[in-house]
1. Scan (1) modelled with pLDDT of 95 or more; (2) over 26 Å from A527 (Cα atoms) for the single condition P325 breaks and write down its number.
2. Return the residues of region 257-276 that are assigned to a helix (DSSP H, G or I) and either aliphatic (A, V, I, L, M) or out of contact with any Lys or Arg (no Cβ under 8 Å at 6 or more places or on another chain) (or both); say none if nothing qualifies.
3. If I filter region 310-332 for residues that are under 30 Å from V587 (Cβ atoms) and assigned to a helix (DSSP H, G or I), do I get at least one hit?
4. Return a yes/no flag: does region 196-216 have any residue that is modelled with pLDDT of 95 or more, in a loop (DSSP other than H, G, I, E, B), crowded, with 22+ Cβ neighbours inside 10 Å and not assigned by TED's automatic domain parsing to the domain that holds G167.
5. Take the residues in region 545-575 that are β-branched (V, I, T) and closer than 29 Å to G607 by Cα; name whichever of them is surrounded by the fewest Cβ atoms within 10 Å (Cβ to Cβ).
6. Residues in region 584-603 that are under 22 Å from the mean Cα position of the chain (by Cα) and of a type in the set (F, W, Y): how many?
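The values are calculated or read from the model by the stated rules, or taken from the named source; none is laboratory data. The structure displayed is predicted, hence computed values, not measured ones. Here the Cβ positions follow ideal geometry from the backbone for every residue, glycine too, while neighbour counts run over all protein chains shown.
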Amino acid sequence: MGEEKFVRVLFRPMNREVLVRRGSTLLEAAREAGIRIKNICGGKGQCGKCRVILNRGETAQLPEYDLRMKFISEREFSEGHRLACRTIVLSDCEVTVPMESLISHPKILVQAEISAEEVDPPSRKHLIRIPPLPDREYLLQRLRQELGETPRVPDEVYRRLLLLEEGYITVTTTRTGGRAEVIGFETGDTTNRNYGLAIDLGTTTVVACLVDLVSGEVLDRASELNRQIIYGEELISRIEYGAKEEGLRKLQRAVVDGINDLTAALAARNDVRVEEITDISVGGNTVMNHLLAGINPAYLETAEVEVSREPIVRRAKELGIRVHPGAYVYCLPNVSRFLGGDAVGDVLASGMCDSEEVSLLIDLGTNGEIVFGNRDWLFSCSVASGPAFEGGGVKFGMRAMRGGIEHVKIDPETKRASYTVIGDVPPKGICGSGIIDAVAEMFSAGIIDFTGKIRDGGRTPLVREGEEGLEYVLVPAEETEMGRDIVITQKDLDYIMDSKASLCGAIATLMGKLRLSIEDIRHLYLAGAFSYYTDLRNAVKIGALPEFPNAEVTQIGNGSLAGAYLTLLSGRMRERAREIAEMMVYVDLLLDTEFFREYEAALYIPGKRELFPTLYRAPGT
């Protein structure tokens, strides 16, 4: 092995030890040890979330990175604080991982407006009587009558059929792979036991529903973090990691392992054999669909690249998913590099594609998807505003997990904040819905001005000079889990203002191209976890979303999951999903000059007067 080339790293407080090659980063060592450390940027030293404490051992900093100029102060560095992604190990080491650096206890949105008007799944079971030998042609005739076409029968299935004695069998067929195909059979009548999986394959989380394909009933749901997250939390990080063959293999294996564990848990809880799961439908963004299918995503880094709008279909066993050996995995079709099957699922679930009235759909997750349209047209874009609203780029920002502040109120007199925390525990950070509340409340309390700048002048001791300029103490150290003040810095606010301007600017850009006003929108559909948990009034107050005075607001929850469910139960819905993808016009904002003008106009609170008429009529605005 060449023992001198390897070193041992012990991670506290989990007491997990791993052997890694000398020169590996602490983040790589944590991955090998199965420890999930936050790394939104994918280990490029740009987010500062992978903070650890070096207790003993010899390390070095990557030469291109000056730690003292970014996330860790001189004092903290002298006390052993390091960024795991920028620190290489040179000898045996002991490292402590603070609680705030760990990814744990996610608050995952499993709610979805799920209902199916029709139960006509591509995967079905048929009870057929086997006649005495040698009349096997009778079987194919019966299937031809049932399906309206002659099904394909794989050789291995047909050989097994030839060995059967006279009696009744249940034949399983599917149309997911294209033409009708016999994927298996069982002796006796098992037509009442046919199951499928609807999966929301998100960048951060994976949600799976076990569905009875006979009745259409959702039997159970399960969820977990997407296990790819240890290789980077952003889509760009996953693309870069998956561009190499070994990285693609690890990413594909990570997500399949997660799906297999969810499947096994769902099956066990509901007295279902995994072999009885005969079809899978997946709603995921373009990058996630590629990584699940093992398709190299490197080309998705290029602007204006052409992305196939045909659904990705693979045999489950080829991907390593443990269900019926003949089952297929169907992925809702993608539209562009950053607008995928999850957005198509949102549109399908909302029903906006079947209405004469103009609707707006917003799904704000890791990326924001925006779709205007009705049954005759669909106009869309994606915007990189999601990371800030999920805690990315904010000093104490975090995903919606245990210990995350999710709602905030600030007393206008004392300037002190009150808050609620996921899990009802001492806070260790602030998640997206809490960030929106905090900014809106800071504005209302006069802590920040209309440009998002913190006001100085001794108004409150909670505003102070920090290492990065002025900051507001949201939670004092004695109330937090880690014994440090949770603050919102000016740098945080600049990033949040940038993100809210991107979102509002994207909406305004599409409205301008379509010659729509805020009064023209009749339905506003909000999808995704951020929209589900966020106070919409505060999102409008800070100017992240325009006012839509005539719109009926509908929370559709996990629209990606709902779209996967609908396409699991109906071949017609799969065709409708393909039509939605084909008809959708996509605008790449990175190449759009109008977007930059709208973005600049949205860089204050709330934004353009015509987008916020009620707020501008309010006293003091």
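1. All conditions pass for P325, except number (1).
2. Once the filter is applied, which keeps residues that are assigned to a helix (DSSP H, G or I) and either aliphatic (A, V, I, L, M) or out of contact with any Lys or Arg (no Cβ under 8 Å at 6 or more places or on another chain) (or both), region 257-276 yields I259, D261, L262, A264, A265, L266, A267, A268, R269, V274, E275.
3. No, region 310-332 contains no residue that is under 30 Å from V587 (Cβ atoms) and assigned to a helix (DSSP H, G or I).
4. Checked region 196-216: at least one residue is modelled with pLDDT of 95 or more, in a loop (DSSP other than H, G, I, E, B), crowded, with 22+ Cβ neighbours inside 10 Å and not assigned by TED's automatic domain parsing to the domain that holds G167.
5. The initial filter retains those residues of region 545-575 that are β-branched (V, I, T), namely 553-554, 556, 567.
From the residues that got through so far, the ones that are closer than 29 Å to G607 by Cα too are 553-554, 556.
Numbers: V553: 11, T554: 17, I556: 26.
Per the stated criteria, the residue is V553.
6. Here is the first cut: in region 584-603, the residues under 22 Å from the mean Cα position of the chain (by Cα) are 584, 586-590.
Going one step further and asking which of them are of a type in the set (F, W, Y), we end up with 586.
Qualifying residue count, region 584-603: 1.
To keep it simple, each residue is scored yes or no on (1) at pLDDT 95 or above; (2) surrounded by fewer than 16 Cβ atoms within 10 Å (Cβ to Cβ); (3) not hydrophobic (A, V, I, L, M, F, W, C).
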{"residue": "A577", "(1), (2), (3)": "yes, no, no"}
{"residue": "D592", "(1), (2), (3)": "no, no, yes"}
{"residue": "Y599", "(1), (2), (3)": "yes, no, yes"}
{"residue": "K608", "(1), (2), (3)": "yes, no, yes"}
{"residue": "F612", "(1), (2), (3)": "yes, no, no"}
{"residue": "L615", "(1), (2), (3)": "no, no, no"}
{"residue": "G620", "(1), (2), (3)": "no, yes, yes"}
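Here's the yes/no breakdown for (1) on the phi < 0 side of the Ramachandran plot; (2) touching a residue at least 12 places away in the same chain (Cβ under 8 Å); (3) surrounded by 21 or more Cβ atoms within 10 Å (Cβ to Cβ); (4) not small (G, A, S):
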{"residue": "F389", "(1), (2), (3), (4)": "yes, yes, yes, yes"}
{"residue": "E406", "(1), (2), (3), (4)": "yes, yes, yes, yes"}
{"residue": "E413", "(1), (2), (3), (4)": "yes, no, no, yes"}
{"residue": "I435", "(1), (2), (3), (4)": "yes, yes, yes, yes"}
{"residue": "V439", "(1), (2), (3), (4)": "yes, yes, yes, yes"}
{"residue": "R459", "(1), (2), (3), (4)": "yes, yes, no, yes"}
{"residue": "L462", "(1), (2), (3), (4)": "yes, yes, no, yes"}
{"residue": "E468", "(1), (2), (3), (4)": "yes, yes, no, yes"}
